[in-house]
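Structure record follows, encoded as structure tokens.
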Amino acid sequence: MNESPPDHSATDPYNERVPTYIDGLDIVLGGGLPAGRSTLVAGGPGAGKTVMAMEFVARGAARGEPGVFLSFEQGAEQLRRDFSSFAADVPGLIDGGTLLLRHIGIDGGSFEEVGEYTLDALKIRIGAALDQVGATRLAMDTLDTLFAHLRGTETLRGEIRHLFEWLHERGVTAVITAEQGQGTFTRHGIEAYVSDCVILLDHRVLEGLSTRRARVLKYRGASHNDDEHPFLIDATGFSLIPILTTHLEHDAPREQVSTGMPTFDDLIKGGGYFRGSSTVVSGTAGTGKSSVVLSYLDAACRRGERALYLSFEESESQIMRNMESIGLDLSRWLDEGLLKVRARRPAQHGLEAHLTEIERLLHQFRPRAVGVDPITNLITVGSETTTRAMLTRLVDMLKERDVTAIYTALVYSSTGTDRHLASVSSVMDTWVVLGSVYQEGERKRTIHIRKSRGIQHSHALHELIMTDDGLEVGGPMDEPSTVESSR
Amino acid sequence: MSAAEREGERWLVRLYVAGMTPTAHRALSNLEAIIHDNLGEDAEIEVVDLLERPQLAEDEKIFAVPTAVRHMPEPIRKVIGDFSDAEKTLVGLDIRPSR
């Protein structure tokens with residue numbers, strides 16, 4: 001019995017959308033959920049179904065679209081407590097009368113079923129709740145409860161179908177949670193009666209990291225969008241990181257900006273990094289990677305642009321101290337609000353949580369320049385596949401915002417290949433290698449441009465000098481007696 | 001002697017409906033037959049129309065109709081449907097059939 005929902009397209013165009021207002025989700029949904037229809041959110045226990053359902057009604061209520069959250073399992077007081085830290089002010093919205101939380105109690109145990117019945121009494125209860133606040137949004141958590149109390153006969157299934165039709169007639173857009181099935185989207189096959197939009201929430205532990213993925217499926221009709229999107233749940237709610245188009249589709253940038261090291265600018269035709277490009281600076285420990293990044297961020301601030309420095313190794317105070325020694329006064333930019341520094345331990349969160357935090361910072365602070373130092377600390381926590389995916393998303397996230405980004409990559413061996421470096425450099429526009437050599441009896445720092453997409457540049461090895469006045473790059477070096485540069 | 005008369009208890013069964021639909025009529029007439037055959041004419045059946053008294057749906061946790069609820073004597077028992085099977089209905093309401 002897999003009939004489509006009745007076609008109301010004459011009076012209710014299916015392409016009308018109701019935004020969820022959940023960060024990142026509406027982009028993936030093509031504007032929002034289908035208006036006047038019920039959408040399933042399926043997943044295992046703890047996957048985040050209840051949170052997403054609550055976000056849908058709460059965020060709508062906060063924008064003046066009243067909503068009702070009906071729980072078959074929990075009491076209203078408990079729900080209010082559980083969601084008291086939500087970014088959407090659940091208690092405030094309840095008190096203000098735009099959000100109603102209600103428990104739909106069904107006595108424990110099963111009932112004897114003797115013959116035909118309808119769910120009209122349930123409709124009366126739902127209707128009363130909707131009328132109380134004039135709701136256009138509804139969340140029901142979880143419809144599976146009905147199946148726990150009633151046998152899954154044709155009568156029940158028919159009644160569930162009528163329930164969704166009734167909601168549609170009332171013009172209510174609903175999110176219905178359900179337990180995920182094996183082989184069917186939901187355990188009880190409820191997808192047969194709702195809109196063709198099903199959101200599957202997956203939560204698993206991969207290599208010690210808690211990972212959450214959301215998939216938005218349209219399983220009827222032509223478009224079958226099956227991307228997986230990482231998402232984050234915390235006490236403030238639910239947010240999704242959409243997969244953006246690959247960087248190959250981005251428009252080729254044209255403006256070039258100074259690297260912050262004028263003598264390095266000279267090595268690149270046009271003098272500097274392309275706006276919106278991504279550069280990786282690789283090298284073993286102590287080769288000056290952070291200095292190269294911060295030289296660029298300093299230059300950005302001098303131009304009056306906002307810069308964001310994400311440190312996954314040193315603390316903020318350590319960074320400040322290090323930079324003073326080469327004449328970069330970053331505290332001035334901090335005071336002026338042009339520079340923001342975030343120091344984090346990579347293992348502090350899952351990869352998705354880092355990505356989400358970065359996205360929030362980008363959204364709030366809107367920097368034009370970003371340094372990620374080092375990227376290798378972050379990406380080595382995952383498998384090769386996870387690494388590539390996360391890296392692509394991060395690079396895309398920054399390119400979409402036309403941010404000029406510099407990443408550092410720590411390598412452990414100055415010779416030989418490093419698989420993570422290979423992954424990283426393949427998505428970068430420019431690859432700068434830092435190293436050191438012994439020449440004339442002294443250790444000298446080196447810099448060379450391994451690749452730079454689309455521009456001519458020096459391919460030679462140059463000396464990198466740390467002066468009191470910033471970094472300087474010397475002319476091409478002669479072939480030294482002992483070479484110790486990173487490849 | 002019916003079970004009710006034997007035990008000298010007062011029986012109250014409520015039938016919850018959402019409007020007197022054909023199913024509701026059928027349920028009522030089936031229920032009346034079952035109750036009066038087994039508990040005697042003194043057993044009371046009260047019909048509650050939730051369309052007129054919707055708050056009771058919430059108070060009594062009714063979600064399907066028709067629902068027959070044995071209120072008195074305890075234990076409280078609920079049966080959903082049109083009661084087309086007398087024996088199942090009696091079992092559901094925890095009423096021992098009279099001989």
request  = Arrange A:Arg151, A:Arg450 by Cβ neighbour counts within 10 Å, fewest through most, would you?
outcome  = A:Arg151, A:Arg450
query = Which order do B:Thr23, A:Thr446 fall in if you start with the one that has the fewest other Cβ atoms within 10 Å?
reply = B:Thr23, A:Thr446
ask   = Size of the dipole of the range A:290-351 about the Cα centre, Lys and Arg at +1 and Asp and Glu at -1 on the beta carbon, nothing else charged, in debye to 20?
value = 200
Net charge of neighbours whose Cβ lies under 9 Å from the Cβ of A:Arg368, counting Lys and Arg as +1 and Asp and Glu as -1 = +3
key: Net charge of neighbours whose Cβ lies under 10 Å from the Cβ of A:Leu201, counting Lys and Arg as +1 and Asp and Glu as -1   = +3
Summed residue charge, Cβ within 12 Å of A:Gly46's Cβ, Lys/Arg positive, Asp/Glu negative = +1
request  = Could you size up the charge dipole of the protein assembly as shown around its Cα centre, putting +1 on the beta carbon of Lys and Arg and -1 on that of Asp and Glu, and report it in debye to the nearest 20?
outcome  = 1420
key: Helix axis angle, B:22-39 relative to chain B longest principal axis, alpha carbon, degrees   = 20
key: Above-threshold pairs, the threshold being 22 Å between Cα atoms, out of A:Lys340/A:Lys451; A:Lys269/A:Lys451; A:Lys49/B:Lys61; A:Lys340/A:Lys399; A:Lys123/B:Lys88; A:Lys123/B:Lys61   = A:Lys340/A:Lys451; A:Lys49/B:Lys61; A:Lys123/B:Lys88
task = Please report A:Ser277, A:Ser425 as a ranked list, fewest other C-beta atoms within 10 angstrom at the top and most at the bottom.
result = A:Ser425, A:Ser277
request  = Among B:Ile80, B:Ala64, B:Gly92, pick out the residue whose Cα is farthest towards the positive end of the charge dipole of the range B:52-93, where Lys and Arg carry +1 and Asp and Glu carry -1 on C-beta, about the Cα centre.
outcome  = B:Gly92
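Every number here is computed from the coordinates shown, using simple stated rules; none is lab data. Quick caveat: nothing in here was measured; it's all calculated off a predicted structure. Methodologically, a virtual Cβ is constructed for each residue, glycine included, from the backbone with ideal geometry; neighbour enumeration extends over all protein chains shown.
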